[in-house]
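Right, one structure below, let's go through it.
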Amino acid sequence: MPAALEHKLFAKGTSEQSAKQDFVSGLRAFTLNNMAEAMKSRFHDEIEPSSVQKHQVLESGKDVHQAMKGDSLFKYYSSIRYNAQEMVWRSALRPLHQSKTRLSASIAAANDSSDSKLKLDLDLEIPRNVVALDVHLAPGSYHREDEAADWMGGALYDHGLNIFSFGMMGKNLDDIGQSMSQYVKHKFRSFTPSIILDLGCTIGHNTCAWKLAYPDAKVTGIDIAPACLRYGNARAKDQDVDVKFEQMNATDLNLPDNSVDVVFSSMFLHELSAKDIRKVMVEAYRVLRPGGLMLHMELPPNDSLSAYDAFYLDWDGYYNNEPFYKSFRDQDFTQLRLDAGFDRSKLVEFITPQYSYMAPEDYAREIEVDAKFGENTGRLAEGIQWYGFGAWK
C-alpha cells in the first residue's frame, strides 16, 4: 500500500482519496502477483501443451504473446492492469489539484532561493518521444505543466509512482538508486567517484540515493522536462540532500570530455529510440574520465529470459504507451556498449537484491554470490531483483 511520502510536498488528500489510492495500489498488487501467477499456470498447463500439439514452437516472447492473445484470462488480466494504470494517475491528481496553492508556494520558494541548485534551459526542445504521447498513460506525460502549477508533471510522477509500486520501491521511492549505488560501493571499494551524473532523472529520487552513498561527490540529475526538475529540486532541498538539477538532453550532453566519474540512468533507455540509445552510449563514453563507470539500471534483455518471462515483461510495450520498450530489450546489450567505444574486457553486468529492504550486512553478503536471471528480474513483484549493465572506461 502507498505510504505518506517523506517530504513536505506530499499531497495527502482526504480520507476518501487515500482510500481510493489504497484500493488502486492493492488492485495493482493483486494483478501483478496473484493474477500473473494464475496466467502463468494457464500458459504452462493449457496454452503451451496445446501449441505443442499443433506443432507451434514458442521460442520467443513474441510467440508466447501471439499464443496468449486469444486467452480469456490474458484478456481479463490486461484489461484490469490497463485500467488500474489509468486509475493510478486519476487517484494521484485529485489531491494534487486540491494542494496546488500550497505546493506552488513551497516549490517556488525552494527554486527561487539563493542556494537553489536548479538550472533550466527553456529554449531546449522537448523531444517528440516525450510530447507525442502520454508515456505510461500518464495524462500530459511527465513534462506536464498546469496553469499556476508548472511542476505538475513531477508531482504526478512522484505521487503516481507511490501508488503504482504498492510499497515495492522503498520509503522514498529510491530503492533502485540505493541498490545500484550500494552495489558499486560494496563491490568496487577502491572506486571513489567525485562527479556523478544521473541521466533522465525525472524527480531525482534515485539521484539523491547516489549522494547518500557517496556524500563527498558532486551529484547532478539531468532531464528534459522542466516540470520534473522544478519539483525534484524542491523535493531534494526539503530532504536536505545536496544535489544539482539541470535541464539537458542525454543524447547531447553539455559537458566537457573526460569530466565525469559515473554516468548512471534508471529505467530510462527503454523510453528512447534505438538511434537515441546509441547517442546516449556514445555521449556517456565521451564525458567519462578514464577509469569512470557507465551504469544503466534497466529491464533485462529478452535473450536472457525464458520465452514466457520475456512475454510477460513485454506487456508494457504493447499496452502501456511505451513504444520503444520491446525494441530496446530485443537489442544486443553487449554490442551497444562495444559500438560506443567501451572495451569488452571492461563490461559490467549484475543483478542485485533490494538494498533498502535488507540489513546492510545481509546485503553485503547477498551480492557476493552472482545472481542469475529469473522470473523476478525487473518484475515489480515479491522477490524483485534489479538488473544493471554498463562498462568501465
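Taking the Cβ-Cβ separation of Asp240 and Arg94 as r and a Förster radius of 22 Å, what is the calculated FRET efficiency to the nearest 0.05?
The calculated FRET efficiency here is 0.15.
Suppose we look only past 28 Å in the calculated P(r) of the chain. What percent of the Cα-Cα pairs does that tail hold?
46
With a 10 Å Cβ neighbour count serving as the proxy for reagent exposure, in which order, fewest first, do Lys40, Lys117 appear?
Taking fewest neighbouring Cβ atoms as first place, the list is Lys40, Lys117.
Mind telling me which of Met169, Met358, Met267 comes out most flexible in a GNM of the chain, alpha-carbon contacts under 10 Å?
Taking springs between Cα atoms under 10 Å, the residue moving most is Met358.
Just want the ordering: Ser190, Ser41, from fewest to most Cβ atoms lying within 10 Å of their own Cβ.
Least crowded to most crowded, the residues run Ser190, Ser41.
Identify which of Val219, Val52, Val263 has the largest mean-square fluctuation in a Gaussian network model of the chain, with springs joining Cα atoms closer than 10 Å.
Val52
Divide by every residue of the chain the summed helix terms, -39500 (n - 2.57) for each DSSP H run of at least 4, and state the resulting mean residue ellipticity at 222 nm, rounded to the nearest 500 deg cm²/dmol.
Mean residue ellipticity at 222 nm (helix-derived): -13000 deg cm²/dmol.
Within the set Lys171/Lys346; Lys326/Lys393; Lys279/Lys393; Lys119/Lys237; Lys8/Lys171; Lys185/Lys393, which residue pairs have Cα atoms separated by over 23 Å? List each step's numbers first, then the result.
On the way: Lys171/Lys346 34 Å; Lys326/Lys393 28 Å; Lys279/Lys393 16 Å; Lys119/Lys237 14 Å; Lys8/Lys171 14 Å; Lys185/Lys393 17 Å.
Long pairs (Cα-Cα over 23 Å): Lys171/Lys346; Lys326/Lys393.
Using 1/(1 + (r/R0)^6) with R0 = 45 angstrom and r between the beta carbons of Ser15 and Lys187, what's the FRET efficiency to the nearest 0.05?
Here the calculated transfer efficiency is 0.50.
How many percent of DSSP beta bridges within the chain run antiparallel, rounded to 5?
Within the chain, antiparallel bridges account for around 35 percent of the total.
For region 62-129 and region 247-302, what is the separation of their Cα centres, given in Å?
23
Out of Leu269, Leu122, Leu212, any idea which swings most in a Gaussian network model of the chain, alpha carbons joined below 10 Å?
Largest GNM mean-square fluctuation: Leu122.
Would you please give the residues with an amide H less than 5 Å from that of Val348, counting only those at least 5 places away or on a separate chain, with H modeled from the backbone geometry?
Under 5 Å from the amide H of Val348: Gly390, Ala391, Trp392.
Using amide H atoms built 1.01 Å from N in the peptide plane, name the residues 5+ places from Arg144, or on other chains, whose amide H lies under 5 Å from its own.
Residues meeting the amide H criterion: Gly153.
For Tyr231, Tyr77, Tyr157, what ranking results if the residue with the fewest other Cβ atoms within 10 Å of its Cβ goes first?
Arranged by neighbour count, lowest to highest, Tyr231, Tyr77, Tyr157 become Tyr77, Tyr157, Tyr231.
Read-outs throughout are calculated quantities, based only on the coordinates presented, and are distinct from any laboratory measurement. Computed from a predicted structure; not experimentally measured. Glycine gets a Cβ as well: all are built from the backbone with ideal geometry, and neighbour counts include every protein chain shown.
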